[in-house]
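Working notes, beginning with the structure itself.
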Amino acid sequence: MILFPAIDLKGGQCVRLKLGDMQQATVYNTDPAAQARSFEDQGFEWLHVVDLDGAFAGHSANGDAVEAILKATDNPVQLGGGIRTLDHIEAWLSRGLRRVILGTVAVRNPDLVIEACRKFPDHVAVGIDAKGGKVAVEGWAEASELGIIELARKFEGAGVAAIIYTDIDRDGILAGINWSSTLELADAVSIPVIASGGLASLDDIRRMLEPDARKLEGAISGRALYDGRIDPKEALALIKAARAKETA
């Protein structure tokens, strides 16, 4: 079980959105590389990065900030936002990124995702962002008619490293993870699922460690870490204890 701290980039700064609204952005750090180092120093093992401007523009828009992050941390980094072509994927992986996260293109061109998994095994994740139970695209600005599980099943057997499932209706408002839909998705596919959107407290960490949620690869935390609602030391200690219990 992994707790992924999140760095969302807007205008080269670390921000958090409320309900996916770019007009409701709170700046938490003007130095993304320093934030990445801080998360590593706190004991986190991975880093989740989203290029918010890129997600809306359809191409990388915070490339300099992402490269600074990659240089600043030894932790593996997964990146989403504006990655829409095989050339984009190859370029980022060649710079040391561990995983690319494909969202809009997974809806618009699922065959590209399958080809990317073939060319870059274990380095491609799919981001499924849901609003009102339907998949949203283009930086959450547009809703599709595609169901969450319907989309996820398109990639069964393709070699997708993980599905990152975000409930936009809970993102950035500390309402708690939508466990019912997240676990329903995890039950429906064999691809590892990472929960995102709404993680609010240590109670969510404890819920993540319950037996029925152990099938998840982990969860992403943003605002709760920045606001101090989750103490990194306590959260990571809970996860470490759960891992030790599993291997005992």
Between residue 118 and residue 23, how many nm apart are label points set 7 Å from Cα along the C-beta direction?
-> 4.4 nm
Relative contact order for the chain using alpha-carbon pairs under 8 Å, separation at least 6, rounded to a whole percent?
-> 18 percent
Once you put a point 7 Å from the Cα of residue 134 and another 7 Å from the Cα of residue 184, both along the Cβ direction, what distance in nm separates them?
-> 1.6 nm
Whose amide H sits under 5 Å from the amide H of residue 2, counting only residues 5 or more places off or on another chain, with H placed in the peptide plane?
-> 218, 219
Just give me a number: lysine pairs in region 2-247, eight or more positions apart or cross-chain, with C-alpha atoms less than 24 Å apart.
-> 15
Hey, what number do you get for the chain at 222 nm if only DSSP H runs of n ≥ 4 count, each worth -39500 (n - 2.57), divided across all residues, to the nearest 500?
-> -10500 deg cm²/dmol
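Every number here is computed from the coordinates shown, using simple stated rules; none is lab data. It should be emphasised that the depicted structure is a prediction, and the values quoted were computed from it without experimental measurement. As a convention, Cβ positions derive from the backbone with ideal geometry for all residues, glycine included, and neighbour counts pool all protein chains shown.
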